[in-house]
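The values are calculated or read from the model by the stated rules, or taken from the named source; none is laboratory data. A quick note: this is a predicted structure, and the numbers were derived from the prediction, not measured. When we count neighbours, we look across all protein chains shown, and the Cβ atoms used for this are built from the backbone with ideal geometry, even at glycine. Each accessible area value is taken on the protein alone, full model and side chains, heavy atoms only, with ligands, DNA and RNA left out. Shrake-Rupley method; radii C 1.70, N 1.55, O 1.52, S 1.80 Å.
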Amino acid sequence: MPTPEYVLKLREHIGHEPLVLIGVTAVILRESPAGIAVLLGTRSDDGALTPITGIVDPGEEPALAARREAMEEAGVEIAVERLAWVHQLPRKTHVNGDQVDYFDLTFRCRWISGDPHPADGEMTAVGWHDLDDLAAVASDDLRERIRLAATGSGDTLFHG
């Protein structure tokens, strides 16, 4: 995954110290005769099965970031329907030593068009998965993001 240029410039000043970044998770849903399916991809860096995720660029609206990431990573056009969950992820230390605190905004999204495919190399595979079979998803946190977006009441959950 290429690191955004603005993050690289910040790292020149702060080294590996913790950096707060705003992330988005696009839980993309599609109705079919078999039920509701969620779009998941296999990440090229670690092989994890995840929804579409990414970092909000400076000045970018978060919902537009979710739409951009869906097109960049999976080649699909989506409609962002609502904000499902706002929460802080535990600090992550990347393999190069960079520490990041991701503040995640999880959106419920509806697929509009496009055949899902690994569009930019961040995913090795992208496809539709049954909402009742998410055992292979990379973490409990990611499964919770999917659950809240797919079945939430419509209210945004604020963690903590």
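Among the residues of the range 44-81, those that are part of a helix (DSSP H, G or I), in contact (Cβ under 8 Å) with a residue 40 or more places away in the chain and among the hydrophobic types (A, V, I, L, M, F, W, C) comprise A63, A65, A66, A70, M71, A74. Of the candidates R91, R145, the single residue that is at pLDDT 95 or above, surrounded by 14 or more Cβ atoms within 10 Å (Cβ to Cβ) and among the charged types (D, E, K, R) is R145. Scanning the range 24-79 for residues that are under 16 Å from A125 (Cβ atoms) and of a type in the set (S, T, Y), we see that the one that is surrounded by the fewest Cβ atoms within 10 Å (Cβ to Cβ) is S44. Restricting attention to the range 16-43, the residues that are more than 15 Å from M71 (Cα to Cα) and in a strand (DSSP E or B) total 14. Within the range 106-146, the set of residues being basic (K, R) and free of Cβ contacts under 8 Å to residues at least 12 places away in the same chain comprises R143 only. Given the condition open to solvent by 20 Å² or more (accessible area, probe 1.4 Å) and within 17 Å of G23 (Cα to Cα), answer yes or no: does some residue in the range 117-129 qualify? Yes - at least one qualifying residue is present in the range 117-129. Among the residues that make up the range 94-113, is at least one of them within 15 Å of the chain's Cα centre (by Cα) and not in a strand (DSSP E or B)? Checked the range 94-113: no residue is within 15 Å of the chain's Cα centre (by Cα) and not in a strand (DSSP E or B). Might you check whether a residue that is more than 30 Å from I14 (Cβ to Cβ), of a type in the set (S, T, Y) and open to solvent by 50 Å² or more (accessible area, probe 1.4 Å) occurs anywhere in the range 101-113? The answer is no; no qualifying residue exists.
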